[in-house]
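One structure is given here, and the rest of the page talks about it.
The values are calculated or read from the model by the stated rules, or taken from the named source; none is laboratory data. Owing to the predicted nature of the structure, the values given are computational and were not obtained by experimental measurement. Ideal geometry is used to build each Cβ from the backbone, glycine not excepted, and the neighbour counts take in all protein chains shown. Note: accessible area is taken over every heavy atom of the protein model, side chains too, but ligands, DNA and RNA are not part of it. Shrake-Rupley method; radii C 1.70, N 1.55, O 1.52, S 1.80 Å.
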Amino acid sequence: MRDRDFFQESDFSQGGSTFKAEERLQAFLAHAGIASRRASEKIILDGRVTVNGEVVSVLGTKVGRSDKICVDGVPVSASEEKRYVLLNKPQGYVCSMSDEKGRPTAADLIRRRYSERLYNVGRLDMYSAGLIIFTNDGDFAKTVSHPSAQIEKEYVVDTSLPIPRGLCEDFVRGVRIDNVFYKAVRARELNSHRMAVVLTEGKNREIRRIFEAAEIGIKRLTRVRIGNININEMEVGEMRELYEYEVGELLALAKNREF
């Protein structure tokens, strides 16, 4: 995956690995796993980045290997190895790198095993469980999380009351709540208190809003699949690295790679 803005100078080889002499700052941050390129641009514009001790807020600034780059005062270095970690997130953990309320984060679980900066691709709300991917590959994160990618996410919903007849069909046809349109790709009842739902875009709290509108309480909401990646036998709180073919298949599933 080669970013258009990534390294305008010639490539060099050193110690069997390839690196570039100079690159744009937003591309450096994306490839270091700080955020997607677009999100990195906002970080720069917000004045959160320093280069050699000086705040840099101009997009397109070129940086090289000898420059000292910091975000919020924390040094950032280009990742030598890309990581893609799958976590079966437990309930009660928020999807952010830190939480001002002191709540436990999914990133806390990842840090127990990995020392490098890994960022979540997409989100699950605090009360939902299931699959979420962490990576230091900004290009990968941007590609698979962009709405145009249309990568399926499958959820299993366990309810406190029987599921109303026709709720699956309504969700697939589309439901408007508070002027927001929610629509599932597929939905089916597994039993009277359990439903499987497949989404691609995934608006904020989409499934919960549908069930709230139907006055049905959710006991448990679990993401069991992201594209080609299934939860299988993963225990709650368990993590593993994605295989190379899994990463490739996820990228191949993205319908639009040029955002």
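Some observations on this one:
- CD proxy at 222 nm, helix term only [per DSSP H run n ≥ 4: -39500 (n - 2.57); per residue of the chain; nearest 500]: -5500 deg cm²/dmol
- Extended-chain gain in nm, criterion 0.36 nm per residue less alpha-carbon gap, Ile177 and Glu233: 16.6 nm
- Cα convex hull, region 159-246: 118 Å³ per residue, rounded to a whole number.
- Within region 208-237, none of the trypsin sites (Lys or Arg not before Pro) combine a DSSP coil assignment with at most 13 other C-beta atoms in a 10 angstrom radius.
- Only one of (i) 119; (ii) 127; (iii) 150 was calculated from the structure for volume of the Cα convex hull per residue in Å³, and its label is (iii).
- Annotation note: GluC sites (Glu not before Pro) in region 49-87 located in DSSP loop regions with a Cβ neighbour count of at most 15 within 10 Å are Glu80, Glu81.
- Once C-alpha pairs closer than 8 Å and six or more residues apart are averaged by separation and normalised to the residue number of the chain, the relative contact order reads 18 percent.
- Sites listed here are GluC sites (Glu not before Pro) in region 205-259 whose DSSP assignment is loop and whose Cβ has at most 14 other Cβ atoms within 10 Å: Glu215, Glu233, Glu235, Glu238, Glu258.
- Kirkwood hydrodynamic radius of region 97-178, Cα pairs, Å: 15.9 Å
- Gyration tensor (alpha-carbon) shape descriptor, region 80-145, a/c threshold 1.5: prolate
- Accessible surface, per residue, of region 37-140 when the full set of protein chains is kept, probe 1.4 Å, Å²: 51 Å²
- Cross-link reach list, lysines versus Lys68, counting only Cα pairs under 22 Å and skipping chain neighbours closer than eight places: Lys20, Lys42, Lys82
- Amide H to amide H distances under 5 Å link Tyr182 with Val175, Arg176, Ile177, where only residues 5 or more positions off or on other chains count and H is placed in the peptide plane.
- Shape category assigned to region 48-98 from the gyration tensor of Cα positions, a/c cut at 1.5: prolate
- Here the simple spin-label model places points 7 Å from the Cα toward Cβ, and for Lys219 and Arg65 these points are separated by 5.8 nm.
- Carbon plus sulfur fraction of accessible area for the chain, probe 1.4 Å, in percent: 46 percent
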